[in-house]
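Q: One structure is given below, represented as structure tokens, and several questions about it will come after.
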């Protein structure tokens, strides 16, 4: 009895969009790869072997080997930690910083609002990937700087959203009541306003994850940030691309596929989350 | 009315341009360590670094450096590229048409496919076209451009042999480069009356344009569908239907023209995608445009060239957004008159 | 009634299929519109007034399931005819105006052009004449300076002016029936009177009839000849307007009258109607949908289908225990 009920609930939650269930499964797989992947992989992702270079997929090497004889499956699995790590930290940081800046701008108004708004406008005046390239090129070629660049180009989205939401709520009765109760601006923002705008911000963040992954992978594809021999999907695709004219497709298809899977999964989860939190915006 | 608001719109782009100039300046001064070392390049010795430091005014205060930077820009000077030894501006101007041709073809491909798709999907919800549209939007948003491009090359060049080798704009072994008039090979070959070369150039363009365009297709189709659904569900479409206007008139004259505004407004975002992804696509296809120039410059730590590229892209983007604004004003009288 | 009615609706039912179940929006409603009269359809929001009009106009969404014993307009069967024939009839023979006139007009097309679209669609009107005719239509609804207004966009006009434009558009082809769905909601009282006087005037001086859909019984009393009272998808009472206001037979009508400001001496005297409309998603809707709000209910209300009793000439009520 109890199990059938639970089954029906699940079917209700996923029945409308079975893709969400698939996305959840992929998500679990990706997280597992990122956390325990390095301990489970069949081969050392960095171990080269000149005897087995560019071997096609086989029982020994499911995804084949690359130009240095490294096992591609192991590298793809291990790379999950770096790729997801970059994207998650970038999204969380821009969520935190963007919300803070936006909330201050929306609550204070006036000069600070104007100044912060101008900073966001200026970021948005660039094609964002180009700006990210420039930032990494300027700050130096490192993983941390890829994250910083991704944070910066994401800031305006969270900032503008938070600003608008705070601006609406600033004069609402419950905020007014808190103010009359002698609460300071910081306390009102943290205790009364931010918790209310967080759910839609989280939806925005999950929708943003896929984009952050693409962005980081794009930067490493053109040789910024991650350096060989590190295992990372973007750089693996880039290395594999050289073997396209000799037909060694597995060198770029598997890391690229992992990238697609990850982005696809986060986009679907974001959609699912949005449907749950805000059913009106279902498409 | 028109000219006044046109001026206002153009003036509205100026703060963005100022912001862009400040940011590119700050980026160049944010280089870790001594910027002069970066600008002088990896092969420089102490003497040439000192020379660069003086020529760039890096020994002066920041405000002075900024004024100098702006003055240089005003004279069209972006410095010299280390890799080519040429003024950065000359390099960029020479390579810009290749990038523009590619981007425009991609945009054309995306718009021509995405807009009718979105309109049909909205006109017949839950139909086959609607599902196709949604699938395309979901998939299009998940595939990294560079990966799609590589898959296409593998499939259509290596396996099927339908397209020429993806290296550059024209295979100069078989075709002769037309004299440069516009810099757009499709146009220049026609001007030169060389149909063979035109076909060759077009064949080279197909894959990169489609790879790049696919990425722009998803947001345009999504927006077209959403804007059409909103318009079709609006009060004024109900009025039009109540007055018995034909399905065609309701769909195009009433719903689509209104939806167009939303579509045009997403173009800003689409251009941001296109200009960014352009870099990746040029890299994959050995396309001799500004994007691949920037990538080599980044790898060679040729900072003046990188900076010039970013500035060029940002200015182009600001101008494109201005154009989007102006088009929106043409479509919507409310925008045009807003005081 | 000797002359055949212009519009005859008989036993019309309408369900909407939704995510949560079937909404039984209309249940066997019947009414008629005579030539040259204004028929008021009155009820709370959600009573089915507007969807009845949408059903007649074939403006329902795809999830609607419509059925009727009879739906005749000017001798033609609206249910039998194919939909394109009906589409040709919309705007020419029957037309409709809506509430919130500013959003009901295409925001990016000059109002004159919108009138022209209707003219060109329905008649062999050459483009050149279309402009003159559109201006004439604007003049007919007493829009000052129609030549200049022809080029105006809706956002440049006031709400009342937009409503006149919509009327001009609806009347451009001189229809036999005009359906006005809450045409003055959101307009100020003066404009409201001007718009409704205009409609009354047009009905009095042409062959046109009109349906005025409103939640305001006072308004209906002032402008209509006969009134249909609707409640939760049922027609509960049909009567000449003076008769209804003086001697309401259905408990709901009586409550509506008591709740109408113009009939009460002060705001304190206003009665409110207890309870809400029943949820039309329910599968166990009572035979009389007013049953759960009614203080006069008797056992029979639960057991027998509602009767239609003629309490006076032309005054019909569907109730087992009318007042």
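Q: Cut-off 10 angstrom, C-alpha nodes, Gaussian network model of chain C. Which of C:27, C:225, C:145 fluctuates the most?
A: Among C:27, C:225, C:145, the largest mean-square fluctuation in the Gaussian network model of chain C belongs to C:145.
Q: Still on this structure, please answer the following. Tell me, what is the FRET efficiency for residue B:94 and residue B:131 to the nearest 0.05, using R0 = 45 angstrom and their Cβ-Cβ distance as r?
A: My answer for the efficiency is 0.45.
Q: At what distance in angstrom do the alpha carbon centres of region A:85-123 and region A:129-146 lie from each other?
A: Cα centroid of region A:85-123 versus Cα centroid of region A:129-146: 19 Å apart.
Q: To continue, here is another question. How big is the Rg/Rh ratio for chain A, C-alpha atoms only, Rh by Kirkwood, two decimals?
A: That ratio equals 1.06.
Q: Springs between alpha-carbon pairs under 10 angstrom, Gaussian network model over chain C: which of C:158, C:303, C:100 fluctuates most?
A: C:303
Q: Can you sort C:244, A:46 by how many other beta carbons sit within 10 Å, fewest first?
A: Ranking C:244, A:46 by Cβ neighbours within 10 Å, fewest first, gives A:46, C:244.
Q: Please work out the C-alpha center-to-center distance from region C:276-307 to region A:30-63 and express it in whole Å.
A: Between the Cα centres of region C:276-307 and region A:30-63 lies a distance of 72 Å.
Q: Further, regarding this structure: Work out the mean other chain Cβ neighbour count within 10 Å for the residues of A:235-246 and drop it here as an integer.
A: That average works out to 3.
Q: Quick one: helix B:2-12 against the long Cα principal axis of chain B, what's the angle to the nearest 10°, folded into 0 to 90?
A: That helix lies at roughly 50 degrees to the long axis.
Q: Residues of B:267-279, mean number of Cβ from any other protein chain within 10 Å of their own Cβ, rounded to a whole number?
A: Per residue, the average neighbour count from other chains is 4.
Q: Tell me the label-point distance for the pair residue C:63, residue B:252, using the 7 Å Cα-to-Cβ offset, in nm and rounded to one decimal.
A: 3.2
Q: Arranged by the count of other C-beta atoms within 10 angstrom, fewest first, what order do B:61, B:246 take?
A: Final ranking by Cβ density, sparse to dense: B:61, B:246.
Q: Highest first, please rank the peptides A:34-44, C:89-99 by the mean number of other Cβ atoms sitting within 10 Å of their residues.
A: Values: A:34-44: 14.4, C:89-99: 24.1.
So the peptides A:34-44, C:89-99, ranked by packing, come out C:89-99, A:34-44.
Q: With each run of n ≥ 4 DSSP H residues scored as -39500 (n - 2.57), what mean residue ellipticity at 222 nm is computed for chain C after dividing by its residue count and rounding to the nearest 500 deg cm²/dmol?
A: Working: 11 runs with 101 residues, N = 323.
So the helix-based figure for chain C works out to -9000 deg cm²/dmol.
Q: Another question about this same structure. To the nearest 0.05, what FRET efficiency results for residue C:321 and residue C:136 with a Förster distance of 41 Å applied to their C-beta separation? Walk me through the numbers on the way to the answer.
A: Values: r = 54 Å, r/R0 = 1.31.
Result of the calculation: an efficiency of 0.15.
Q: Using only the alpha-carbon atoms, how far is helix C:189-204 inclined from the longest principal axis of chain C? Give it as 0 to 90 degrees, nearest 10.
A: Rounded to the nearest ten degrees, it is 80.
Q: Suppose we take every Cα in the protein assembly as shown and form the convex hull; what volume per residue is that in Å³?
A: On the way: hull volume 229.4 nm³, N = 945.
So the per-residue hull volume is 243 Å³.
Q: Can you list, largest first and rounded to whole Å, the semi-axes you get for region B:1-139 by taking the square root of 5 times each eigenvalue of its Cα gyration tensor?
A: Sorted largest first and rounded, they come to 45, 22, 15 Å.
Q: Per DSSP H run of at least 4 residues, take -39500 (n - 2.57); add these up for chain A, divide by its residues and hand me the 222 nm value, nearest 500 deg cm²/dmol.
A: -24500 deg cm²/dmol
Q: For labels at residue C:197 and residue A:108 in the simple 7 Å Cα→Cβ model, what's the distance in nm?
A: 5.7
Q: Set the Förster radius R0 to 56 Å, insert the Cβ-Cβ distance between residue C:127 and residue A:164 as r into 1/(1 + (r/R0)^6), and round the FRET efficiency to 0.05.
A: Efficiency for this residue pair is about 0.75.
Q: Further, regarding this structure: Arranged by the count of other C-beta atoms within 10 angstrom, fewest first, what order do B:175, A:158, B:69 take?
A: B:175, B:69, A:158
Q: Mind checking the angle between helix A:110-124 and chain A's longest principal axis? C-alpha axes, 0 to 90 degrees, to the nearest 10.
A: Roughly 20 degrees between the two axes.
Q: Cα-Cα pairs above 20 Å in region B:2-74: how many percent?
A: Details: 1151 of 2628 pairs.
When all Cα pairs of region B:2-74 are counted, 44 percent exceed 20 Å.
Q: With labels modelled as points extended 7 Å from the Cα through the Cβ direction, what inter-label distance (nm, one decimal) is found for residue B:108 paired with residue A:27?
A: 4.3
Q: What does the structure give for C:88-95 when I average, per residue, the other chain Cβ atoms found within 10 Å of the residue Cβ? Walk me through the intermediate numbers first.
A: Values: counts 2, 1, 5, 7, 2, 1, 2, 4.
Going residue by residue through C:88-95 and averaging, the value is 3.
Q: Over chain C, calculate the relative contact order: mean separation of alpha carbon pairs under 8 Å at least 6 apart, over the residue count, as a percent.
A: 21
Q: Here is a further query. Evaluate the relative contact order of region B:167-307 (contact order divided by residue number), counting alpha-carbon pairs under 8 angstrom at least 6 apart; express in whole percent.
A: In percent, rounded to a whole number, it is 23.
Q: In addition: Given a cut-off of under 8 Å on Cα pairs at least six residues apart, what relative contact order in percent is computed for chain A?
A: Numbers: 405 pairs, mean separation 63.2, N = 283.
22 percent.
Q: Okay, next question. Separation of region C:144-165 and region B:105-131 by C-alpha centroid, Å?
A: Comparing the Cα centres of region C:144-165 and region B:105-131, I get a distance of 35 Å.
Q: Which translational diffusion coefficient, to the nearest whole µm²/s, is obtained for region A:11-169 from the Stokes-Einstein equation, given a Kirkwood hydrodynamic radius over C-alpha pairs, 20 °C and 1.002 mPa s?
A: Reported coefficient: 113 µm²/s.
Q: Ignoring everything except DSSP H segments at least 4 long, calculate the 222 nm mean residue ellipticity for chain B; use -39,500 (n - 2.57) per segment, divide by total residues, nearest 500.
A: The helix-only estimate for chain B comes to -23500 deg cm²/dmol at 222 nm.
Q: Looking at region C:99-174, I'd like the Rg to Rh ratio, where Rg is from alpha-carbon atoms and Rh is Kirkwood's inverse mean 1/r. Working shown, then result.
A: Working: Rg = 11.0 Å, Rh = 11.9 Å.
Value, to two decimals: 0.93.
Q: Binning at 10 Å from 0, report for region B:89-331 what percent of all alpha-carbon pair distances ends up in each bin.
A: All Cα pairs considered, the percentages come to 7, 27, 31, 22, 10, 3, 0.
Q: Summarise the long-distance tail of P(r) for chain C by giving the % of C-alpha pairs beyond 37 Å.
A: 18
Q: log₁₀ I(q)/I(0) of region A:89-236 at q = 0.17, 0.21 Å⁻¹, via Debye over equal Cα point scatterers, no solvent, to two decimals?
A: Treating every Cα as an identical point scatterer, log10 I(q)/I(0) equals -0.91, -1.19.
Laboratory data are not the source of any read-out in this text; all were calculated from the coordinates shown. None of these values were measured; they are calculated from a predicted model. Positions of Cβ are backbone-derived with ideal geometry, glycine not excepted, and every protein chain shown enters the neighbour counts.
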